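Each remark here refers to the structure printed beneath this line.
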Amino acid sequence: MRFRPFFAAALAGIIGLSSAAFAEQSRGTAAEAKAMLMKAIAAVKADKAKALDMFNTGEGGFREGDLYVFCANLSDGVLVAIGNPNLKQALGMDVRAGQNSTGTRFGAEIYAAMQKPEGQISQVSYVGPTPGPDDKLIAKVSFVARAGGDLGCGVGYYK
């Protein structure tokens with residue numbers, strides 16, 4: 001399929017790579033990313049539709065600096081929420097296709113982490129370019145968990 005490289009690059013942006021729009025914003029910490037994920041899980045359990053809307057718009061504290069929530073269906077891996085406003089084109093894509101510019105396919109690992117029992121938070125590590133013009137590759141970690149029912153969510157931060 002000739003759109004596969006674009007598709008994989010877009011998915012990498014969702015979970016691991018931020019766009020230049022985040023370059024001027026502060027970098028989130030591991031503690032902040034994990035706290036945002038916990039807040040996202042609570043929001044999904046309270047009202048899934050409202051939570052997904054807030055994740056997609058970044059409202060309610062679901063986009064802070066370079067931290068944002070992403071969520072996918074557990075059944076098929078389809079992305080249903082992306083907090084990065086510059087990656088909305090990836091909504092509806094399969095998270096399992098995510099890979100970075102070095103060809104490392106971390107999307108399947110993120111999807112597998114979403115499948116784990118509720119309450120279990122996994123860390124998926126990979127490298128991705130820093131936000132901004134230089135695209136220097138650095139380590140990034142996404143905290144990922146089942147958010148309740150048929151949804152898995154994550155929040156990534158740069159190390």
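The values are calculated or read from the model by the stated rules, or taken from the named source; none is laboratory data. Everything numeric in this text was worked out from a predicted model, so none of it was measured. A quick note on method: Cβ atoms are made from the backbone with ideal geometry, for glycine too, and the neighbour counts reach across all protein chains shown.
Yes/no matrix, rows are residues, columns are (1) among the β-branched types (Val, Ile, Thr); (2) closer than 19 Å to LEU52 by Cβ:
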site: PRO85; (1), (2): no, yes
site: ALA90; (1), (2): no, yes
site: VAL95; (1), (2): yes, yes
site: GLY103; (1), (2): no, no
site: GLY119; (1), (2): no, no
site: SER125; (1), (2): no, no
site: VAL141; (1), (2): yes, no
site: GLY154; (1), (2): no, yes
site: TYR157; (1), (2): no, no
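Among the residues making up the range 22-48, a single one is at pLDDT below 95, surrounded by 14 or more Cβ atoms within 10 Å (Cβ to Cβ) and of a type in the set (A, V, I, L, M, F, W, C): PHE22. GLU64 passes every criterion in (1) among the acidic types (Asp, Glu); (2) closer than 16 Å to GLY28 by Cα; (3) over 15 Å from the mean Cα position of the chain (by Cα) apart from (3).
Restrict the check to the range 55-65 and report whether at least one residue is of a type outside the set (Ser, Thr, Tyr), surrounded by fewer than 15 Cβ atoms within 10 Å (Cβ to Cβ) and farther than 19 Å from ALA43 by Cβ. No, the range 55-65 contains no residue that is of a type outside the set (Ser, Thr, Tyr), surrounded by fewer than 15 Cβ atoms within 10 Å (Cβ to Cβ) and farther than 19 Å from ALA43 by Cβ. On the stretch given as the range 81-109, residues that are aliphatic (A, V, I, L, M) and out of contact with any helix residue (DSSP H, G or I) (no Cβ under 6 Å at 6 or more places or on another chain) total 1. Looking across the range 57-86, the residues that are in contact with a Leu (Cβ under 7 Å, 6 or more places away or on another chain) and part of a strand (DSSP E or B) come down to PHE70, CYS71, ALA72, ASN73, LEU79, VAL80, ALA81, ILE82.
Taking first residues from the range 111-130 that are under 21 Å from THR29 (Cα atoms) and partners that are part of a helix (DSSP H, G or I) and among the small types (Gly, Ala, Ser), the Cβ contacts under 6 Å between residues at least 6 apart in sequence or on separate chains come to SER122/ALA113; VAL124/ALA113. Check off (1) part of a loop (DSSP other than H, G, I, E, B); (2) surrounded by 14 or more Cβ atoms within 10 Å (Cβ to Cβ) for THR102 and give me the number that stays unchecked. Among (1) part of a loop (DSSP other than H, G, I, E, B); (2) surrounded by 14 or more Cβ atoms within 10 Å (Cβ to Cβ), the lone unmet condition for THR102 is (2). The test for being at pLDDT 95 or above, out of contact with any helix residue (DSSP H, G or I) (no Cβ under 7 Å at 6 or more places or on another chain) and in a helix (DSSP H, G or I) does not hold for MET54.
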